[in-house]
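Asks: Let me give you the structure first, and then I'll get to my questions.
The values are calculated or read from the model by the stated rules, or taken from the named source; none is laboratory data. Keep in mind it's a predicted model, so treat the numbers as computed, not measured. Virtual Cβ from ideal backbone geometry, glycine too; neighbours counted across all protein chains shown. Ligands, DNA and RNA are stripped out before the accessible areas are found, and what is left, the full protein with its side chains, is counted by its heavy atoms. Shrake-Rupley method; radii C 1.70, N 1.55, O 1.52, S 1.80 Å.
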Amino acid sequence: FFFFFFQAEDGIRDAQESRGLGDVYKRQLLLHGRSAAESSLVQGFALHAARAGQLMPTTVSNAKIALVDFDLRAVKMKLGINITVSDPTKVDGFKQREIDITRERIQKMIDAGANVILTTWGIEDTMMKMMVENGVMGVRRVKLDDMRRIAKATGGTIIHNMSDLSGDEIFETKALGVADCVEEHRCGDGDEYITITGTKNEVCASIICRGANYFVLEEMQRSLNDSLCAVARTLEAGSVVAGGGAAECALSVYLENFAHTLGNVEQLAIAQFAEALLCIPKTLAMNGALDATDLVAKLRVEHNEAYGEKTASEGRFQGLDLDIGCTRNNLAAGVLEPMSSKVRSFEMATEAAVTILRIDDCIRLNHQEEEQR
């Protein structure tokens, strides 16, 4: 979990510095093979796809990316269209024209400066040969959702139709996406992925997850989602408190001492509220198979000593260390929680308790008597 936490933190922080947290897209790519420790962070977009042809370049620097949402195979006539040919020798000309239309489209992309072509459809072998001759990397059957995110990251435009208002087919240079490098990586037998790094708009960070099998990868994905949410909530909050029961115990000690200053019935309510806060460190100790009573008692002593001091001390950050079963400074250890989430949990628990106390009568049905009747 901590490995993925640091990966998620690096990815979100780097993207946040450039665009802000709300505009960041966090992509996870699961690849079968190798160990989880070989998972890596890519500052860019990782696409689970491969080159259309093996002779195409594996790396393209200073990439100009054409994003098209139409077929790059020979153009076929629509259903229901019939052509009557009086001269059989012209049949081959029709077939050749079907290929030439797609060739002209690809040539216009190349003339506009494209050296990487991504399409959501297929690419014919003859078109692959043309791309190889011009040093162009072609990728086929890219998901439309991925195309939209690549367009946003690279500043390109998805072209659905090359026709202009006059009926001619053109491809403008401004529709091209820009990236520093587009590279294909091979990570196993028949398993490749393509990374697009140095994009114009840095709004994407990808984490390549590696695992021995798909069960491990699914568990890694769940841990990574938890890590991403934890980092995102912490960065959005802007302030943190020490975790491991430190905040609850410090607040409990403060309320308990404050209750002794009151001389009315409110003292009992505040004292009970202070005692209820200790359920968090007790539960943490029990989940760690430790002696909850002993650990919480030690924790309260340390917080009482810190509360009695006139100057602020590090004792107020003492929390539980469930690895070795003792107390420690969780602020220095890096065990932190977003302050907004902690305050919200206190408010919701208090509202729930108040709602229950407002109930005057409780009617219960005796199921045993009803069964006897």
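Asks: Given a 1.4 Å probe, how much area per residue of segment 74-159 is accessible, in Å²?
Replies: The answer is 58 Å² per residue.
Asks: Just tell me which aspartates and glutamates come within less than 19 Å, Cα to Cα, of residue 76; anything on the same chain fewer than 8 places away is out.
Replies: Qualifying aspartates and glutamates at Cα under 19 Å: 92, 98, 100, 104, 124, 125, 168, 169.
Asks: Separation between the residue 40 and residue 307 pseudo-spin-labels, each 7 Å from Cα along Cα→Cβ, expressed in nm?
Replies: Spacing of the two 7 Å Cα→Cβ label points: 5.2 nm.
Asks: Ok, one more. Helix 214-237 versus the longest principal axis of the chain: what is the Cα-based angle in degrees, 0 to 90, to the nearest 10?
Replies: Helix 214-237 and the main axis of the chain meet at about 70 degrees.
Asks: Mind listing which trypsin sites (Lys or Arg not before Pro) in segment 198-251 are in a DSSP loop and have 14 or fewer other Cβ atoms within 10 Å?
Replies: Those that pass, being in a loop and sparsely packed, are 200.
Asks: For segment 296-335 and segment 216-289, what is the centre-to-centre distance using only Cα atoms, to the nearest Å?
Replies: Here the two parts' Cα centres lie 13 Å apart.
Asks: If you plug each phi of segment 285-302 into the Karplus form 6.51 cos²θ - 1.76 cosθ + 1.60 with θ = phi - 60°, what whole-Hz ³J(HN,Hα) values come out, in order, with x for Gly and Pro?
Replies: With the stated coefficients, segment 285-302 comes to 5, 5, 5, x, 6, 10, 7, 5, 4, 5, 5, 5, 4, 5, 5, 5, 4, 5 Hz.
Asks: Continuing with the same structure: Kindly report the accessible area of segment 215-373 per residue (heavy atoms of protein chains, probe 1.4 Å, no ligands, DNA or RNA), in Å². Write out the running numbers ahead of the final one.
Replies: On the way: 10680 Å² over 159 residues.
I get 67 Å² per residue for this part.
Asks: Quick check on my link table: of 95/200; 78/108; 143/200; 78/152, which ones sit more than 29 Å apart, alpha carbon to alpha carbon?
Replies: Those over the limit are 95/200; 78/152.
Asks: Assigning unit charges at the beta carbon (Lys, Arg +1; Asp, Glu -1) and nothing else, what dipole magnitude in debye, to the nearest 20, does the chain show about its Cα centre? Can you show the working numbers first?
Replies: Values: 40 positive and 54 negative charges, 240 e Å.
Using only the charged Cβ atoms, the result is roughly 1160 debye.
Asks: Something else: Pop out the carbon and sulfur fraction of the accessible area of segment 165-228 as a percent, whole number, probe 1.4 Å.
Replies: Here carbon and sulfur together make up 48 percent of the probe-accessible area.
Asks: State the extension gain, in nm to one decimal, for the chain segment bounded by residue 351 and residue 178, taking 0.36 nm per residue of separation less the distance between their alpha-carbons.
Replies: Stretched out fully, the residue 351 to residue 178 stretch lengthens by 57.0 nm.
Asks: Just flag the GluC sites (Glu not before Pro) in segment 108-199 sitting in loop per DSSP whose Cβ has no more than 12 other Cβ atoms within 10 Å.
Replies: 172
Asks: Something else now. With θ set to phi - 60° and the Karplus curve 6.51 cos²θ - 1.76 cosθ + 1.60, what are the ³J(HN,Hα) couplings of segment 41-58 in order, to the nearest whole Hz, using x for Gly and Pro?
Replies: Couplings: 9, 10, 7, x, 10, 9, 10, 7, 7, 9, 4, 6, x, 6, 8, 6, x, 7 Hz.
Asks: So for the chain, taking the charge dipole from beta-carbon charges (+1 Lys/Arg, -1 Asp/Glu), which of 238, 265, 77 sits furthest toward the positive end?
Replies: Ranked along the dipole, the leading option is 77.
Asks: While we're here: Please identify every one of the GluC sites (Glu not before Pro) in segment 216-318 that sits in a loop by DSSP and has no more than 11 other beta carbons within 10 Å of its own beta carbon.
Replies: Numbers: sites: 218, 219, 236, 248, 256, 266, 275, 302, 305, 309, 314; in loops: 309.
Filter output for segment 216-318: 309.
Asks: Under 5 Å between amide hydrogens, which residues at least 5 positions from residue 53 or on another chain qualify, with H placed 1.01 Å from N in the peptide plane?
Replies: Placed amide hydrogens put 138 under 5 Å from residue 53.
Asks: Carbon and sulfur together cover what percent of the accessible area of segment 231-295 at a 1.4 Å probe radius?
Replies: Ligands and nucleic acids excluded, carbon and sulfur reach 60 percent.
Asks: For helix 266-277, report the angle its Cα long axis makes with the longest principal axis of the Cα atoms of the chain; keep it between 0 and 90° and round to the nearest 10°.
Replies: Approximately 50 degrees, to the nearest 10.
Asks: I've got another one for you. Sort 323-330, 102-109 for me by packing, meaning the mean count of neighbouring Cβ atoms within 10 Å per residue, highest on top.
Replies: Going from most to least packed, we get 102-109, 323-330.
Asks: Oh, and also: Which angle from 0 to 90°, rounded to the nearest 10, does the C-alpha axis of helix 339-357 make with the longest principal axis of the chain?
Replies: 60 degrees
Asks: Can you give me the % of accessible surface on segment 47-112 that is carbon or sulfur? Probe 1.4 Å, all protein chains present, nothing else counted.
Replies: 53 percent
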